[in-house]
Each structure stands twice: as C-alpha cells, then as structure tokens.
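Every number in this text was worked out from the coordinates using simple rules, so none of it is lab data. Keep in mind that this is a model prediction, so the values were computed, not measured. Heads up, the Cβs are rebuilt from the backbone with ideal geometry, glycines too, and the neighbour counts pull from every protein chain shown.
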Amino acid sequence: MSSIKFINVSKNFGNTKVLDRVSFDVSEGELISLVGPSGSGKTTILRIIAGLINDSEGSILIDNVDTKSMKSSERGAVIVYQDYALFPHMTVEENISYGLKVRKVSKSIQKKKAMDLISMLHMDGYEKRYPRELSGGQKQRVAIARALAIEPKVLLLDEPFSSLDANLRDSMKILIKDLQRKLNITTIMVTHDLEEALTVSDRIAVLLEGQVKQLDSPQGIYERPANKMIAQFIGKSAKVDGFLENGILKTPFGELKTSSDYFGPVDIMFRQEAARIKKNDKKGLKGKIIDKTYTGKSMIYKIETASSALDVEGNMSYDFQIGDSVSVDVDLKKLMVYRKDTGGII
Ligand SMILES: Nc1ncnc2c1ncn2[C@@H]1O[C@H](COP(=O)(O)OP(=O)(O)OP(=O)(O)O)[C@@H](O)[C@H]1O
Ligand SMILES: [Mg+2]
C-alpha cells in the first residue's frame, strides 16, 4: 500500500509531446481508473511509474520518495498487460510463484502463496495446467495472481479485461475490486470502458491533450465534467444552444437562475438518459423523430429540431415512430452548461 504523486511530468517521443506537465495523486489503497483516447499516453504513464521509462521530466513520488534514482525493481510496482504475457513453458503454479523464486523465497512459502492466490482467484484445480490450456479469462486471472504474488505496493492494470466477453468482464471487475480492497493495494487501471471505470473506481482521471484534465469521483466525472471536451469524451450526450445573461440561463427547456456572472452564448449538454420524450406536450423542445435504434436496454431516438439533431434515450414503454412530432424535455438540474468560447463550465 503506497501513495503515488505525479508532479508536472512531461514526456516526448521524438518531436511528439505525449505528456505535458501531468499532475495527479493516488492515495494509499485507492483504485484510480485512467481514461483517455487511444494514443493519449495512458500506457506511457504506467510505464513511467513502473520505471520502464526513465527519461521523463518532472517528479514521480512513491510514498513521498522521489523515484528518480530508484531502479524499476525497487519501486514495488507491477504492470499487468492486456495480453497477459504469461510464460508459456511454465504451469499456472510456476507462473504465479516465478517472482518469488527469483527473490529466493523458500519453496514452501512459494507454494503456499501460489495456492492462496489460486484459491482467491477461483482457479483451484488448474495448478498444473499450461497457459495454452487456459481460456482468456483464466489466463487473465493467472496474470493478476502472478503480479500479486510479489505483494506489490502498486498494481498497474493496462486494459486488463478488454479481450474478455461481457459476462467474464463483469465477474473480473468484481473480483479485482474485492481483491484490491482485501489486499489494500494502490491501483491504477487503464480502461476504454466507461462503465467499468464508473463501477470499480474510487476516482477517475481523464487524460486529454497530454494532461489530466479532471480527477474526480465517478459521479463527479459523469455528472459534472469540468469542461466541454471532457463532457464530450465521457458518455453519450446531446447538445443544444443556450444563453446566459444577468445570471439567468435561457434554455429550450425553460429558464434557470444561476450564480454565474458570465454573459454570452453557452452550449447546453445533457445525458441521453436525462431527457424525456413526449407527444402533444406544449413544453420542451419541439422536433420530429427521424431515426430510432434499439439497444436492448432502451431505444435511442434521433430527433430533428429547428437547430440540430439530438440522440435521446426513450422510455421503453412508449414506442414512437419515425415521423412522429414530439417534444424533448430535460430536468434543468441535469443540464451541463459550458461557455461557447472557452468550453469552461458554468
Ligand atoms: N516507444 C515509443 N516510441 C515512440 N512513440 C511512442 C512509444 N511509446 C508510445 N509512443 C507514442 O506515444 C503516444 C502515447 O502512447 P501510449 O501507448 O501511452 O497511448 P495509450 O493512451 O496507452 O493508447 P491506447 O489506448 O491505444 O493503448 C502514442 O502516440 C504512441 O504512438
Ligand atoms: Mg495503451
């Protein structure tokens, strides 16, 4: 269990600046998800923490100690990669106890630790199997057990579940969260899956344009993205125009009093599921349904309004048809409002 501090860390590859003064901190025993577009530098951040990239600028502290002069092996950080990287010629048990063997831990302790982890990860009976005899989810669990065997201070998971099917993903999510809590390991998990990040994390860090733009609770990230760029990246939302003057926000859904002294046009965003679609209602934004997509959980309607087309989630108990005239209404408290010029939050 350790804390991690990133202070103004920058990293270039050739002429490309991948990280531009990245700062964030992870508390002891915390699980942080790192989300960001492909190529934004997520794996690079994990590799810097693990000491596999040593020429970055800025400081990285583990337990408040600068890692500058620490070797990779002294940092107590392990990465679990998406492709597992198990040793093919070793059994499950040998894979898991490998790190202990290298550290010259006694054979009996190696065995006990490997067996404890095998049981914790529900892999009993698979001790003598080789990686080629395992499914993807089983290999993933062995990779995690191997990382945990050496009792790392920091666990770095790089898209650990991306190649698993939805059901397996769900059970792995629960397993990781349980293990992480039980063992109290400070963890950073990179993921492309927003739902995964929202459900397992204590906090989520959003990496955009080479910087951590927001580090917040899952609810904070989803319900109050700090700027328009983050709101567009996180989750699916619809956008309409509005105007703010004298503290009054004018929206197609009504007016709202705010404490802002900004004067000017704003972008008003709301989550697809925050809207209600109604027929024959005088209130709300008028439009016509031009498309609909069934997702299993809900129906997403594309609604053409005077100014733009919105994708909005509909209640399953109403089935609107293409061509229907409807109105869209949103609870004013659920609006996310950003200045049109800077994208900053109101
Ligand atoms: N060793 C390297 N040499 C040159 N460029 C690199 C190297 N490693 C990474 N990059 C570049 O740095 C950028 C960030 O890479 P990184 O792997 O950290 O992204 P990522 O956020 O993990 O992306 P993904 O979600 O696709 O895994 C990319 O543009 C990548 O091409
Ligand atoms: Mg990556």
Quiz prompt | Prolate/oblate/rounded call for the stretch 69-197, Cα gyration tensor, a/c under 1.5 rounded | solution = oblate
Quiz item: Based on the alpha-carbon gyration tensor of the stretch 236-339 and its eigenvalue square roots a ≥ b ≥ c, which shape applies: rounded if a/c is under 1.5, prolate if not and a/b is larger than b/c, or oblate?
Solution: prolate
Quiz item: Around LEU134, which amide H atoms from residues at least 5 apart in sequence, or from another chain, sit under 5 Å from its own amide H, with H modelled in the peptide plane?
Solution: none
Quiz item: How big is the gap, in Å, between the Cα center of the stretch 275-346 and the Cα center of the stretch 210-254?
Solution: 16
Quiz item: Based only on the alpha carbon positions, what is the Kirkwood hydrodynamic radius of the stretch 1-158, in angstrom?
Solution: 16.9
Quiz item: What is the antiparallel percent of DSSP beta bridges lying wholly in the chain, to the nearest 5?
Solution: 80
Exercise. Can you give me the P(r) profile for the chain? Cα pairs, bins 20 angstrom wide beginning at 0, each as a whole percent.
Key: 26, 46, 24, 3
Practice problem: Would you kindly compute the Cα radius of gyration of the stretch 1-88 and its largest Cα-Cα separation (Dmax), both in Å? | Solution: 13.2, 39
Quiz item: Under a point spin-label approximation (7 Å from Cα along Cα-to-Cβ), what is the LYS250-HIS89 distance to one decimal in nm?
Solution: 7.6
Self-check item: Label point distance in nm, ARG181-LEU52, each placed 7 Å from Cα along Cα→Cβ
Solution: 3.0
Quiz item: What's the angle, to the nearest 10 degrees (0 to 90), between helix 136-149's Cα axis and the longest principal axis of the chain?
Solution: 60
Quiz item: LEU157's amide H: which non-local residues (gap 5+, or another chain) put their own amide H closer than 5 Å, with H modeled 1.01 Å from N in plane and none for Pro or chain starts?
Solution: VAL80, ILE188, MET189, VAL190
Quiz item: Just going by the charge dipole of the chain, with Lys and Arg at +1 and Asp and Glu at -1 on Cβ, which of LEU183, ALA306, PRO160 is farthest out on the positive end?
Solution: LEU183
Quiz item: Lysine pairs in the stretch 217-309 with alpha-carbon atoms under 17 Å apart, 8 or more places apart or on different chains: how many are there?
Solution: 21
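On a full-extension model of 0.36 nm per residue, what is the gain between ASP291 and TYR130, subtracting their alpha-carbon distance, rounded to one decimal in nm?
52.9 nm
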Quiz prompt | Under the Karplus curve 6.51 cos²θ - 1.76 cosθ + 1.60, θ = phi - 60°, whole-Hz ³J(HN,Hα) for the stretch 86-101, x wherever Gly or Pro sits | solution = 6, 7, x, 8, 10, 6, 3, 4, 5, 4, 5, 8, 3, x, 6, 4
Quiz item: Residue by residue, what Karplus-based ³J(HN,Hα) values in Hz, rounded to whole numbers, does the stretch 110-116 have, using 6.51, -1.76 and 1.60 with θ = phi - 60° and x for Gly and Pro?
Solution: 3, 5, 4, 4, 4, 5, 4
Self-check item: Given the chain, longest segment not containing exposed loop GluC sites (Glu not before Pro) (DSSP; at most 14 other Cβ within 10 Å)
Solution: 29-208
Self-check item: Length added when fully stretched, SER317-PHE243, from 0.36 nm per residue minus Cα-Cα
Solution: 23.3 nm
Quiz item: When the Kirkwood radius is taken over all Cα pairs of the stretch 290-335, what Stokes-Einstein diffusion coefficient follows at 20 °C and 1.002 mPa s, in µm²/s?
Solution: 187
Quiz item: If you average 1/r over every pair of different alpha-carbon atoms in the stretch 52-129 and take one over that average, what Kirkwood value in Å do you get?
Solution: 14.9
Quiz prompt | Paramagnetic label zone (point 7 Å from Cα along Cα-to-C-beta, THR199; backbone N under 19 Å) in the stretch 269-307 | solution = 273, 295-298
Self-check item: Net dipole in debye of the stretch 4-223 [+1 Lys, Arg Cβ; -1 Asp, Glu Cβ; about Cα centre; nearest 20]
Solution: 940
